[in-house]
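Enquirer: After the structure tokens below, expect a handful of questions from me.
The values are calculated or read from the model by the stated rules, or taken from the named source; none is laboratory data. Everything numeric here is computed off the predicted structure, so don't read it as measured data. Here the Cβ positions follow ideal geometry from the backbone for every residue, glycine too, while neighbour counts run over all protein chains shown. To get the accessible areas, we keep the full protein, side chains included, count just its heavy atoms, and leave off ligands, DNA and RNA. Shrake-Rupley method; radii C 1.70, N 1.55, O 1.52, S 1.80 Å.
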Amino acid sequence: MNKKVLQTLEYYKIIDMLAEEADSVLGKESAKRLLPSSRRDEIIGWQTETSHALMRLFKQGKLSFHGLHDIRPSLVPLEKGGTLGMGELLAICRCLEIAKGAIEYNNKEEDLQDALSGRFSSLLDLPDLRREINHCILSPEEMADDASPELKRIRRSMKHANDRIRKQLTATINASGSMLRDNIVTMRNGRYCLPVKQEYKSSFSGMIHDQSATGSTFFMEPMAIVKINNELAELGMKEQEEIEKILASLSALAAPYAEDLERNVLILAELDFIFAKASLSKKMQGSEPLFDQNYIHIKKGRHPLIPKDKVVPIDVTLGKTYDLLIITGPNTGGKTVSLKTVGLFTLMGQAGLHIPAFDHSHLRVYEEVYADIGDEQSIEQSLSTFSSHMVNTIYILKRANKKTLALFDELGAGTDPTEGAALAIAILDNLHSRNVTAMATTHYSELKVYALSTDGVENASCEFDVESLQPTYRLLVGVPGKSNAFAISGKLGLPADIINEAGKLVDSGARSFEDVVTGLEEARLAVEKEREKAVRFREEAEHYKKKLADKNERIDKAKEKILRRANEEANEILQKAKNMADESIRKYNKWMNDSGMTKEMEKERAALREELDKTGSSLTIQTSKKRPQKAPDKLSIGDIVMVHSMGVKGTVSTLPNSKGKCYVQMGILRSEVDVKDLELLEQETKAAKKEAAISHSRSMKMSKAMTISTEINLIGKTVDEALALLDKYIDDAYLAKLHQVTVIHGMGTGALRSAVQNYCKKCKHIKAYRMGAYGEGGSGVTVIEFK
């Protein structure tokens, strides 16, 4: 891309913003070198990396590259066996620490695979080398005492020597205070000295190392500490030798990993650069532009250099149904900003940067972007005359083709309006015939007519509010702009007669065209108001639709919860009834084989009946207010009815009482219901009664099994009455599978006893009979055993 175009479209300002987002010097250098590409695959790859880094930023937070330096110059002597300094080794250590942090950052999401995963997996952490450098070196100028046992011993000795020197100097100062200029200790040539007055230099025992500029003070080393100072100097040399050994050892430890360290620093620099692009996108609220089509379609694009609270988003389409867009409108209305926004977005997108626009905005890949823009809003005002503009235009015409984007600001301006408009139309028509994608701003009405009358060319304008005399900066594609000169002049106070006179001087064709444009503008505003109203109505409809859906969802959830709870309670009751029945059957089977358990059987039966009644009562519910259209005139036990309040069918188990209520059996549920809530199902009732008649005998047997007693009392009956009752009782008891029964006839005259026993002799169901034993009733009863 042409460097001058990059500067004109303010691309370098974006690059400066990108460099600020990078943490390391290497990342900032990569940002400064970034240029747009014209290779689609490369651009899409860059965009994907930026998007994946942005996703990681939102999901995992920021990854720090602070302190990353270019260690490659230090690796050259390392590979040759050289020794690195403390600062160089610390830079290597910092590089390893950043690599470790990046590896841990990537491992936060174990299953994450994206365009950055390969770089993260190529990083290598060298924990032994990293820990050893951190252990030995405290700063670029300081080696740790614990770096080696020998260094620790030397420094301990140096500390003792310094303590001895200080002690001796204190004693000397106290003893020779009058000879000293000041009671201070200074260093001269690495030796501890005292400031001695000139008149005492001969009497003070020591060596002269320096004197003051005036000669009145001599800096002398007391003889008492010369030996200790010599020892200290010797220890200092040993300390330096030991530090060199430690540095050589650390260098030798790092040397085998020179290639790994170089790869680490290059990958980390790339990651810092990519995450800087993601951070810039987050800061600008950008999105990834799509390059899957050969046209530009920017949705709510915002120029990134204009503050967010002042920028007005624009929608621009170019290269889809038209490849030439002509923007008209008043000065300072936003024409040039719209022009720059399209050009800058193209450059940013082709550099792998996100653009501050809505998702699914489209950009096209161009081999070159040309721009002839020169106004006060630009970085520099170098092309302001007609001739200089024309030089740029000629340069563009020579090089433009269908793979280039051309941008012209005020094309044909700076000369006679008639000739300028003619030149502008001819230049744009030439570009249009060569399929060059172009945008141009102008004030010339002739270009508006050209756009209206030429296929593949479209008008656009920047909206202007005449009432407030302020531009709205909205770009309106498809609507030619007006200069609004008369309206603005009138608002500013120009007399009406002057404006009217000026109107008469305007060409009638131009005046008619302006009237058409005015009509179009008024129609557009009316349509826009209607559209806003429709959008508002649609939003309200969506709101109420969502509100209704939420309400239905709550009702469905409540209904599901109620049904689930009812099913659970019904299952509990059913299970309890099953358990009760199983237990009762077990007891009855046991009692059948034990003739002395009659009272227990009766007691258990009564308890069972009481429990069943209690369960039925617990299931009784109140009826709903909902009623059928007409209550049944007459109900019979066994009728099939619909209980409307509950929406279920049931069987009438009792006749209606004085209050008009009866019990209805609905499955395992028995409830008292108002007859007005019932609807007689005649067809189902007839079918049920027919089925009941067929199974009557089976029902009789089951009924008797539940109600038959193990004894019958015939006392007070005549023989004929007694025999009739006995005959029916014996049949019922046999059907109920009773093992034995007791017939109570009393002692009396013996006639009833004889009749009973004669009956027993002839009955085929009776296996044996006997008089009652002691405790059973004696001769007043006959005990019968069935076959």
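One line per residue, one yes/no per condition, for (1) of a type in the set (Lys, Arg); (2) on the phi < 0 side of the Ramachandran plot; (3) out of contact with any helix residue (DSSP H, G or I) (no Cβ under 9 Å at 6 or more places or on another chain):
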| residue | (1), (2), (3) |
| --- | --- |
| LEU271 | no, yes, no |
| SER279 | no, yes, no |
| SER287 | no, yes, no |
| PHE291 | no, yes, no |
| HIS297 | no, yes, yes |
| LYS310 | yes, yes, yes |
| LYS320 | yes, yes, yes |
| LEU324 | no, yes, no |
| ILE327 | no, yes, no |
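Enquirer: Further, regarding this structure: Exactly one condition in (1) of a type in the set (Ser, Thr, Tyr); (2) under 28 Å from GLU132 (Cα atoms); (3) in contact with a Ser or Thr (Cβ under 9 Å, 6 or more places away or on another chain) is false for SER64; which is it?
Expert: Only one criterion is unmet by SER64, namely (3).
Rundown of residues vs (1) assigned to a strand (DSSP E or B); (2) in contact (Cβ under 8 Å) with a residue 40 or more places away in the chain, yes/no style:
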position: LYS277; (1), (2): no, yes
position: ASN294; (1), (2): no, yes
position: HIS303; (1), (2): no, yes
position: ASP309; (1), (2): no, no
position: ILE327; (1), (2): yes, yes
position: SER338; (1), (2): no, yes
position: THR341; (1), (2): no, yes
position: GLY349; (1), (2): no, yes
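Enquirer: Filtering segment 192-209 down to residues that are in contact with a Ser or Thr (Cβ under 8 Å, 6 or more places away or on another chain) and among the hydrophobic types (A, V, I, L, M, F, W, C), which residue is surrounded by the fewest Cβ atoms within 10 Å (Cβ to Cβ)?
Expert: Once the filter is applied, the top-ranked residue is PHE204.
Enquirer: Any residue at all in segment 60-70 that is assigned to a helix (DSSP H, G or I), open to solvent by 70 Å² or more (accessible area, probe 1.4 Å) and modelled with pLDDT under 95? Working first, answer last.
Expert: From segment 60-70, those assigned to a helix (DSSP H, G or I) are 60; that's our starting set.
Now drop any that are not open to solvent by 70 Å² or more (accessible area, probe 1.4 Å), which leaves none.
No, segment 60-70 contains no residue that is assigned to a helix (DSSP H, G or I), open to solvent by 70 Å² or more (accessible area, probe 1.4 Å) and modelled with pLDDT under 95.
Enquirer: Now a separate question. Quick one: in segment 406-427, which of the residues that are assigned to a helix (DSSP H, G or I) and open to solvent by 10 Å² or more (accessible area, probe 1.4 Å) is modelled with the lowest pLDDT?
Expert: Step one: list which residues in segment 406-427 are assigned to a helix (DSSP H, G or I), which gives 417-427.
Cutting the leftovers down to open to solvent by 10 Å² or more (accessible area, probe 1.4 Å) gives us 417-419, 422-423, 425-427.
Details: PRO417: 83, THR418: 86, GLU419: 88, ALA422: 92, LEU423: 93, ILE425: 93, ALA426: 94, ILE427: 94.
Among those residues, the one meeting the criterion is PRO417.
Enquirer: Within segment 129-152, work out how many residues are in contact (Cβ under 8 Å) with a residue 60 or more places away in the chain and assigned to a helix (DSSP H, G or I).
Expert: 7
Enquirer: Of all residues in segment 84-113, which are open to solvent by 70 Å² or more (accessible area, probe 1.4 Å) and touching a residue at least 40 places away in the same chain (Cβ under 8 Å)?
Expert: Correct list: LYS108 only.
Enquirer: For the structure I just gave you, tell me whether ASN174 is in a helix (DSSP H, G or I), open to solvent by less than 40 Å² (accessible area, probe 1.4 Å) and modelled with pLDDT under 90.
Expert: Details: in a helix (DSSP H, G or I): yes; open to solvent by less than 40 Å² (accessible area, probe 1.4 Å): no; modelled with pLDDT under 90: yes.
Here the answer is no, as ASN174 does not meet what is asked.
Enquirer: Would you mind finding the one in GLU234, GLU244, GLU270, GLU239 that is closer than 30 Å to PHE345 by Cβ and either open to solvent by 20 Å² or more (accessible area, probe 1.4 Å) or among the β-branched types (Val, Ile, Thr) (or both)?
Expert: Numbers: GLU234 fails: closer than 30 Å to PHE345 by Cβ; GLU244 fails: closer than 30 Å to PHE345 by Cβ; GLU239 fails: closer than 30 Å to PHE345 by Cβ.
Selected residue: GLU270, the only one of GLU234, GLU244, GLU270, GLU239 that is closer than 30 Å to PHE345 by Cβ and either open to solvent by 20 Å² or more (accessible area, probe 1.4 Å) or among the β-branched types (Val, Ile, Thr) (or both).
Enquirer: Find all pairs meeting these conditions: Cβ atoms under 8 angstrom apart; at least six residues apart or on different chains; first residue within segment 749-760 and farther than 13 Å from VAL781 by Cβ; second residue open to solvent by 30 Å² or more (accessible area, probe 1.4 Å) and modelled with pLDDT under 90.
Expert: Pairs that qualify, where the first residue is farther than 13 Å from VAL781 by Cβ and the partner is open to solvent by 30 Å² or more (accessible area, probe 1.4 Å) and modelled with pLDDT under 90, are ALA751/VAL719; ALA755/VAL719; ALA755/LEU723; TYR759/LEU723; TYR759/ASP727.
Enquirer: Same structure, new question: Do the conditions hold for ILE298, that is, is it open to solvent by less than 50 Å² (accessible area, probe 1.4 Å), outside any helix (DSSP H, G or I) and in contact with a strand residue (DSSP E or B) (Cβ under 8 Å, 6 or more places away or on another chain)? Full working, then the answer.
Expert: Working: open to solvent by less than 50 Å² (accessible area, probe 1.4 Å): yes; outside any helix (DSSP H, G or I): yes; in contact with a strand residue (DSSP E or B) (Cβ under 8 Å, 6 or more places away or on another chain): yes.
Yes.
Enquirer: Further question: Pick from segment 1-37 the residues that are in contact (Cβ under 8 Å) with a residue 24 or more places away in the chain and over 34 Å from the mean Cα position of the chain (by Cα): which of them is nearest to ILE306 (Cα to Cα)?
Expert: GLU10
Enquirer: If you don't mind, there's one more thing I want to ask. Output the residue which, of all residues in segment 79-119 that are of a type in the set (Gly, Ala, Ser) and part of a loop (DSSP other than H, G, I, E, B), is nearest to the chain's Cα centre (by Cα). Please lay out each step first, then the result.
Expert: First, pick out the residues of segment 79-119 that are of a type in the set (Gly, Ala, Ser): 81-82, 85, 87, 91, 99, 101-102, 115, 117-118.
Filter again for part of a loop (DSSP other than H, G, I, E, B), leaving 81-82, 85, 115.
Numbers: GLY81: 52, GLY82: 52, GLY85: 48, ALA115: 20 Å.
Among those that are of a type in the set (Gly, Ala, Ser) and part of a loop (DSSP other than H, G, I, E, B), it is ALA115.
Enquirer: Find the residue count for segment 640-678, including only residues that are open to solvent by 30 Å² or more (accessible area, probe 1.4 Å), in contact (Cβ under 8 Å) with a residue 24 or more places away in the chain and of a type in the set (S, T, N, Q).
Expert: Of the residues in that region, 2 qualify.
Enquirer: Could you tell me which numbered condition PRO36 fails, if it satisfies all but one of (1) part of a helix (DSSP H, G or I); (2) open to solvent by less than 60 Å² (accessible area, probe 1.4 Å)?
Expert: In the conditions (1) part of a helix (DSSP H, G or I); (2) open to solvent by less than 60 Å² (accessible area, probe 1.4 Å), PRO36 misses (1) alone.
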